[in-house]
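Throughout, read-outs are computed from the coordinates displayed, never taken from laboratory work. These figures come from a predicted structure and were not determined experimentally. Glycine also receives a Cβ, built like all others from the backbone with ideal geometry; neighbour counts cover every protein chain displayed.
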Amino acid sequence: MLSNFIIKWYSRFIIFSSIDKVSPFRWDAFSRRVALSPRKYMKLWFLWVIYFAAYFVAILIRLVSRIWSHSRETSNTNFITKLVFDTAYATLLAANVCIMMFTLLKRDDVVTFVNQMLTLDERLKREFSAQLVLHRDLFTTTKYFLLELAVLATCLLTQFAAPPIFGIIVLDKNAPLHRFIAFLVNGGAPLKISLRMLPVIVFSTFAGFKAAGNVGFYISTGAMYLQCVTTWVKVITPESAVAMVALSEKNDSSGKWRIVSNTLPVKKHIVRLRRTPLGLLEEGEILQAYKAQQLLNASCNIVYSSPWIVQQAGTFLIFAIFTSFFCIRLHKFVNPIITGIIFVAMLGDICIVWIETYFMADVSLAGDRFLKIMRESHIRQSETKRSIIALWNVHFKIAHPLFLMKKRTFLTFMRALVDFMLTMILNSK
C-alpha cells in the first residue's frame, strides 16, 4: 500500500524535475497521474541525450589514450587522479546515457506501468477500506518505513544534492569538463576560480539536475512498486491452509458472516473465507487482488527487465570496483577530498543495489508463500483449484541469471564484493 505522504512527495518530485517542461514525464494534477510530455519538449530533451553521449565518448577516448600512452616510469599523482576522475565520469555517464535511451524508447510503457500501479493501489484501498482502518498497525513495520525512506531520500538527493555536486566538481582542474573548457579557451592551462567560471558552474549544475532527475525517477518508482506489491501480497495471504465456510447471507443484526463449518463447500450459497492479516476475507476477493498484482508485475517487468536498466546497474558496479582499488590501495596518491567523495559514492551505490536486491527477493518470497498456502488448501479438483494452479509468482525478470533470486546469485556476488573491499582496507595499513 502506498501512503498519501509518499504519493505527495513523488508527485512533487516529478513536478520539480519537469519545472522547465523539458522532461519526458509530467504530473497531471487533475487526474493525479503521470502523463507524457508534448513531443516538442522531447525534441529539446533529446539534445541532452546527445550532449551526455558525446561527453561519454570524448571521456572514453581520452581514458583509453591516457592508459595506452602511459608508462610506469612516468607515473605520478596527477596521472592517477585524472585516471580516477575519467573512469568515474565514464561509468556514470554510460549509466545515464543508457537510462536516457531507455526513456526515449519505452516512455509509453513507463507511464502505463506507473499509472497502473497508482490505480490498483487506489482500488484495493477502496475495496478493503474497512479492514485497513482496523489494522493500521500492519503498515508500521520497519521494511515499510525503509521503503518510504528510500523514495523520500531519492527524491531529495537527486534534486537538491546531486546537481550542486556536479557544479562544484567542475571547479577541480582534473575534472573532464574543466579540462575541456580550459583546452578551448585557455590553451589547456587550468582555469582560475573567478566569476567567469560562473556560467560553467551553472551549466554543469543544470546538466546534473537533468541527469539525476531522470535516474531518480526510476529508482523512486521501483521503490514504490516494491512497497506496493510486498505490502498487498502479504496482507491478503491467508495465515493457514484451513478455510472457514460461511453462509452467503449475512446476519441482519450484526452484518457479519455466519460461520457454519470448516468443511469444503458443496453448495452455491456457501462461500469460503480466509483468515488473513486484514481479517476474514472472501477467497474470491483474495484471488482477484492477487491477479491484479500479477498484471502489475507484468507491466513492471516490461520496464525493469530492459537491458538498458541492467546496463545502468552494471556500470555502477564497475565504478565501485575500480574506484575501490584506487581509493584504498593508492590513497596516498589521490587527493583526500576526492577520495572521500568517490568512496562515499561507491559505498552508496553498493548499499542501494544491495538493499534493492534484498527487497526484490522479498517480493518473490511473498508470492511463493501466497501460492503455497492457496494450493495446499484445495485438495479436490475444482474450478477454484484450477484457477489457483494457473497463478504464477510475482517476481523481477532483471538480468537473468545475474539477478536470479531463487539461487541468490547476485546477493552472493555483492557479499563477495563487500568482503573484497574490507580485505583491501585491512591490508592497506
| query | Which chymotrypsin sites (Phe, Trp or Tyr not before Pro) from segment 22-52 combine a DSSP loop assignment with at most 14 other Cβ atoms within 10 Å? | reply | Phe30
| said: Starting from the Kirkwood Rh over alpha-carbon pairs, what translational D in µm² s⁻¹ does segment 1-71 have by Stokes-Einstein at 25 °C and 0.890 mPa s? | reply: 163
| query | Out of residues 5 or more away from Phe25 or on other chains, whose amide H comes under 5 Å of its own, with H placed 1.01 Å from N in the peptide plane? | reply | Ser37
| task | Please work out how much length the chain gains when fully extended from Arg275 to Lys372, using 0.36 nm per residue of separation minus the C-alpha to C-alpha distance, in nm with one decimal. | result | 33.4 nm
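What net charge do the residues around Cys155 carry, taking every other residue with its C-beta under 15 Å from that of Cys155, with Lys and Arg at +1 and Asp and Glu at -1?
+1
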| Residue pairs, from the table Lys234/Lys372; Lys21/Lys173; Lys43/Lys106, whose Cα atoms sit over 23 Å apart | Lys21/Lys173
| message | For Ile19, project a label point 7 Å along Cα to C-beta. Then give me every residue of segment 133-154 with its amide nitrogen under 19 Å of that point. | response | 152-154
| query | By how many nm would the segment from Thr119 to Ser65 grow when fully extended, if each residue of separation counts as 0.36 nm and the alpha-carbon distance is taken off? | reply | 14.3 nm
| Using alpha carbons only: equivalent-ellipsoid semi-axes of segment 92-233, gyration tensor based, whole Å | 43, 17, 10
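How long is the gain from Phe160 to Arg386 if the chain were fully straight, where each residue apart is worth 0.36 nm and the alpha carbon distance is subtracted?
76.2 nm
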| query | Once you put a point 7 Å from the Cα of Lys192 and another 7 Å from the Cα of Gln288, both along the Cβ direction, what distance in nm separates them? | reply | 7.5
